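The values are calculated or read from the model by the stated rules, or taken from the named source; none is laboratory data. Note that the structure is a prediction, hence the values are computed from the model and not measured. All Cβ positions, glycine included, derive from the backbone under ideal geometry; neighbour counts span all protein chains shown. Note: accessible area is taken over every heavy atom of the protein model, side chains too, but ligands, DNA and RNA are not part of it. Shrake-Rupley method; radii C 1.70, N 1.55, O 1.52, S 1.80 Å.
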Amino acid sequence: MSSKIDICNLALNHLSMRSITSLSEGTPTSNACNTFFDPCRDDVLSEAEWSFASVQQSLVLVSDTVTGWDYVYQYPVKAARVWNVYDESTTDEKGSQEFEVKFVPSTNSKVVCSDLQYAIADITYKVEDTTIYDSKFVMALSYRLAAAMAHQLTGSAELGLQLMNVYTALVGEAKRVGNTEKIRKPKQVSSYQNSRG
């Protein structure tokens, strides 16, 4: 389990800087951690279907209309990313149903467009409790945070780019490993359905 301070100190370690003891100590390093932590966390969450943050959520219809789509849904408030949209009849075909995320200027809102009347979405939830983050996410977030703080704390934009390269590699590995945690059992087909094929 990692605390917010633990993750910030990992990031500072990547920058070869001294650790902090509190996010409220008012030092340049703690101020930078406060500035960049939440945006970096949300950015890393949006990059992959992290198992600890994977949520299945029914979508809520809104009155907006978008040309080419039958139904328009509110974008889930705490979603870092919407990955799949489906309904009860297409659960075994998750990922194959068409959807689109759009912005509606008249209501200043982001929406999910679908042709499904009772849509369900797989989302990555904006989890704020750092104690449930898995180790790969903690490491990726620490490098993303270090990359964001590098120029401000060290004056080196080049160091920030180097740290971003490490971060990108870590997210790629996390995606590979994450795919092993969501293997789905094959859809059962009845003998009646087979006889109609």
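I'd like the full set of residues that are of a type in the set (A, V, I, L, M, F, W, C) and touching a residue at least 40 places away in the same chain (Cβ under 8 Å), limited to the stretch 55-73.
Result: VAL55, LEU59, VAL62, VAL66, TRP69, VAL72.
All conditions in (1) among the hydrophobic types (A, V, I, L, M, F, W, C); (2) without any contact (Cβ under 8 Å) to a residue 60 or more places away in the chain; (3) loosely packed, with under 12 Cβ neighbours inside 10 Å; (4) touching a helix residue (DSSP H, G or I) at 6+ places or on another chain (Cβ under 7 Å) hold for VAL77, with the sole exception of (4). The set of residues in the stretch 36-54 that are open to solvent by 10 Å² or more (accessible area, probe 1.4 Å), within 19 Å of LEU163 (Cα to Cα) and touching a residue at least 40 places away in the same chain (Cβ under 8 Å) comprises PHE36, PRO39, ARG41, ASP42, ASP43, SER46, GLU47. Does LEU59 satisfy the condition of being surrounded by 20 or more Cβ atoms within 10 Å (Cβ to Cβ) and either over 16 Å from the mean Cα position of the chain (by Cα) or modelled with pLDDT under 95 (or both)? Yes; evaluated as a whole, the condition is true for this residue. For first residues located in the stretch 1-15 and basic (Lys, Arg), partners that are buried (at least 17 other Cβ atoms within 10 Å of the Cβ) and assigned to a helix (DSSP H, G or I) and lie 6+ apart or on another chain with Cβ distances below 8 Å form the pairs LYS4/PHE37; LYS4/THR130. Considering each residue of the stretch 6-24, count those that are open to solvent by less than 70 Å² (accessible area, probe 1.4 Å) and outside any helix (DSSP H, G or I), and give that number. Result for the stretch 6-24: 5.
In the stretch 61-83 there is no residue that is closer than 19 Å to GLU128 by Cβ, small (Gly, Ala, Ser) and part of a loop (DSSP other than H, G, I, E, B). Whether a residue is open to solvent by 100 Å² or more (accessible area, probe 1.4 Å), among the polar types (S, T, N, Q), at pLDDT 95 or above and not in a loop (DSSP other than H, G, I, E, B) was assessed, and ASN165 passes this test. Which ones in the stretch 94-140 are open to solvent by 50 Å² or more (accessible area, probe 1.4 Å), touching a Lys or Arg at 6+ places or on another chain (Cβ under 7 Å) and either of a type in the set (S, T, N, Q) or assigned to a loop (DSSP other than H, G, I, E, B) (or both)? Within the stretch 94-140, just LYS126 meets the criteria.
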